[in-house]
1. Using the 4.7 Å Cβ rule, please list in number order the cysteines from the chain without any candidate partner.
2. Mind listing which GluC sites (Glu not before Pro) in region 348-451 are in a DSSP loop and have 11 or fewer other Cβ atoms within 10 Å?
3. Tell me the mean residue ellipticity at 222 nm calculated for the chain from its helices only (DSSP H runs of n ≥ 4, each -39500 (n - 2.57), averaged over every residue, nearest 500).
4. Can you work out the FRET efficiency for the pair Ser387 and Phe244, with r the C-beta to C-beta distance and R0 = 35 Å, to the nearest 0.05?
5. Are there chymotrypsin sites (Phe, Trp or Tyr not before Pro) in region 1-90 that DSSP marks as loop and that have at most 11 other Cβ atoms within 10 Å, and which are they?
6. Could you estimate the translational diffusion coefficient of the chain from the Stokes-Einstein equation, with Rh from the Kirkwood formula over C-alpha pairs, at 25 °C and 0.890 mPa s, in whole µm²/s?
7. Given R₀ = 35 Å, what would the calculated FRET efficiency be for Arg114 paired with His23, taking r from the Cβ atoms and rounding to 0.05?
8. With each label point set 7 Å from Cα along the Cα-Cβ vector, what nm distance links Lys450 and Lys153?
Amino acid sequence: MAVSSDSEQRPIRSLDDLLEPFHHACKPREAWRIGTEAEKHGVVLPDLTPIPFEGDRGIAEVLRRLANDAGWELVCEGATCIQLQRGDASITLEPGAQLELSGAPLATIHETAREHDEHLREVHAIGEALGLSWMGLGFHPFARREDLPWVPKLRYPIMREYLPTRGRLALDMMLRTCTVQANMDYASEADAMRKLRASLRVQPIASAMFANSPFLEGRITGERSRRVAVWLEVDPDRSGLLPFAWDEGATFRDYVEWALDVPMFLVKHEGRLIRNTGQTFRAFWQDGFEGARPNMGDWLTHLNTLFPEVRLKKTIETRGADSQRAELVPALAALWKGLLYDDGALAATESLGGRWTHDEIEAVRPAIARDGLRAKVAGREVGEWASELLGIAERGLRAQRALDEQGRDETIHLAPLRALIERGMTPADALLAQIDPKAPLAPQVVALTKL
């Protein structure tokens, strides 16, 4: 949620200041775009160990080569370079050295697919040179926590110490999960809250559709999404399905009031990061902390430390899907564009999501992690709801008529997902069906999930 540095230094004087970033992000329909973020774990060949941070085959070397070979610009924290920028796109590192492409805001899913293909060509070339392979999965299939490096980003030690006090699987979330998410624009406060509400209501169904993490430490768990299971045991203060936002009268202020009461991670003061996990942002605003008073930069930083299944920032961020093999990354973006960017589809999404309450769908989330499309909610299998939801997205994309050079609309990017749903399968089910139980598991997983 970037603003100018001068704006970031502006003191917070009123609730209107806290609301301003959301109002400022509103844009007319013709300016709507979609951004896609996709994370991936890598392994060192041939022993399939996790990619370290430093070293000749480390993730820092991958970043340096992307900068040298593909026109990316290194972004550093002090002497440590942990990010790349190229135009409106960036490449960042998650705590366990997961490599994340944060794509540029693009008008069509056709462009999204091309962007992701280009990114994979770039990282594949470097992987070939260094002896690395990249996996499209929602959870690391065989690494233990202690096997993974910690990326030396300034805020990660604070999160590493604090978050396990709030959820027993918080370190798994940081180190071993990977996601793909879509970021959607909004026209007004009413439009933003409507999209937030609709997305929250159907996000667990989408999580089941994209369930793709059936392994833990080199074994098949019986779950469809280890990642979804992990997120059920992360800090409840800052995660989940935001029950307050299910109210049709919910506003930006309701989101701000919720965010104010979430404990902080840190304060930036006089060029230093200071741990501050004992205060909510509301208390920091009222009382200050060690001589620091809150400014807009502190507020924007705090908003980035909130992890609900759908997050409100300068876009609506749908955050509930496992990472995928290459062809299903654009499908995630296509699903949400179809559901949220056509008025008829949005109304149909609201209607479908209105078939259950927050408490009903919340109670089903463990079953979704375990059983995927075979979990049940509101008297039907999730797979039946998923087929309906996918149909709504397909109709929404057809109505938007964004055609590629061959005259095809964006539903072509949903075709791989449609093929799975019609067979009653999640990506995890399809992956498991290809595993030979008599052969070593790890090499098969690396080969089958290779990006």
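1. Result for the chain is Cys26, Cys178, no neighbouring Cys Cβ within the cutoff.
2. Those satisfying the criteria are Glu405.
3. Using -39500 (n - 2.57) per qualifying helix, the result is -13000 deg cm²/dmol.
4. The pair Ser387/Phe244 has a calculated efficiency of 0.70.
5. Listed in order of number, the matching sites amount to none.
6. For these conditions, the coefficient is 110 µm²/s.
7. 0.60
8. In this crude spin-label approximation the distance works out to 2.9 nm.
None of the figures in this text is laboratory data; all of them are computed from the coordinates on show. Computed from a prediction, not measured in an experiment: that's the story for all the values here. A quick note on method: Cβ atoms are made from the backbone with ideal geometry, for glycine too, and the neighbour counts reach across all protein chains shown.
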